Structure formats: structure tokens, C-alpha cells
Amino acid sequence: MSDECIFCKIIKGEIPCNKVLENDKFLAFHDINPVTKVHILVIPKNHVANIAHLTEEKAAYVEGILPFIKDVAKEAGLSADGYRVVFNTGAKAGQSVFHLHAHILGGQELGWPEI
């Protein structure tokens, strides 16, 4: 039994996904449990648990993630004034898969959550 995370298995093609966009460093796909009309996950193809675990080398690898997110949002038909990008870092912040990932949320008006 492999101890790889689910996102690593998706990257390898062992688990299917509803792909939105992909390049040599990143993969974007629809979340299987969406919380908004459009809920897309963006992951780096190299494993890093989260922002707190970024080394200098891994930070250099993921530095292109924001332009990629912009391209994903455009591909998904989200307007520049109508989506949210969230990175959860650690279990206390709600991270449930420990592979760095961004949530692109949109397709509807989003309020600010009460904390």
C-alpha cells in the first residue's frame, strides 16, 4: 500500500480528475466536494505539504503558481473581479490534504466568512 497523498496519485494518473488546466509544473482540477458553484484546486506537481514547509528550493519551484491560477480562472470563465483564492496551511486552518494547494472559489457572489 502506497503512502503517497491523494494529490500525488492524481498527478501520476492513478486517480482520475476533472482537469481544467495543466502545465509542466501545475495541475488544476475541479474539487469533488465543491463549496461554491466553481471550486477548482491548483496543485504543484512536486510534493510539498504546505506553505509552512516551503524550503528555498521548493519556493522557487512554486513561484509561478499565481500566474497559473490567473490562467485557470480565465479558463473556467471567472471574471477578474469575481473569484477568491485560498491556501489553507495546517490542520487548524482546515487543510485536509497535506499537499500544497490553492482553492479557486467563484461562480457566485462570495461573502466574508464569520470567524
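The values are calculated or read from the model by the stated rules, or taken from the named source; none is laboratory data. Since we're looking at a predicted model, the values are computed, not measured. No Cβ is skipped: glycine too gets one built from the backbone with ideal geometry, and neighbour counts run over all protein chains shown. Quick note on the areas: whole protein, heavy atoms, side chains included, nothing else; ligands and nucleic acids left out. Shrake-Rupley method; radii C 1.70, N 1.55, O 1.52, S 1.80 Å.
Summary table
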{"quantity": "In segment 78-92, residue nearest to ILE32 (Cα to Cα) [restricted to those that are modelled with pLDDT under 95 and open to solvent by 50 Å² or more (accessible area, probe 1.4 Å)]", "calculated": "SER79"}
{"quantity": "Residue within segment 41-49 that is more than 16 Å from PHE7 (Cα to Cα) and open to solvent by 20 Å² or more (accessible area, probe 1.4 Å) present", "calculated": "no"}
{"quantity": "Single match in VAL42, VAL35 (criterion: assigned to a loop (DSSP other than H, G, I, E, B), of a type in the set (Val, Ile, Thr) and touching a His at 6+ places or on another chain (Cβ under 9 Å))", "calculated": "VAL35"}
{"quantity": "Any hit, segment 76-94, residues being within 12 Å of the chain's Cα centre (by Cα), farther than 11 Å from VAL42 by Cα and aliphatic (A, V, I, L, M)", "calculated": "no"}
{"quantity": "Hits in segment 1-21 - residues which are closer than 30 Å to GLY111 by Cα and either open to solvent by less than 50 Å² (accessible area, probe 1.4 Å) or assigned to a loop (DSSP other than H, G, I, E, B) (or both)", "calculated": "PHE7, CYS17, ASN18, VAL20, LEU21"}
{"quantity": "Any hit, segment 48-69, residues being hydroxyl-bearing (Ser, Thr, Tyr) and within 25 Å of GLY111 (Cα to Cα)", "calculated": "no"}
{"quantity": "Count of residues meeting criterion [open to solvent by less than 50 Å² (accessible area, probe 1.4 Å) and of a type outside the set (S, T, N, Q)] in segment 27-39", "calculated": "6"}
{"quantity": "Yes/no for ASP24 being part of a loop (DSSP other than H, G, I, E, B) and open to solvent by 40 Å² or more (accessible area, probe 1.4 Å)", "calculated": "yes"}
{"quantity": "Matching residues in segment 57-77 - criterion: being open to solvent by less than 70 Å² (accessible area, probe 1.4 Å) and not in a helix (DSSP H, G or I)", "calculated": "GLY64, ALA76, GLY77"}
{"quantity": "Test: ALA49 is assigned to a loop (DSSP other than H, G, I, E, B), at negative phi and in contact with a Phe, Trp or Tyr (Cβ under 6 Å, 6 or more places away or on another chain)", "calculated": "yes"}
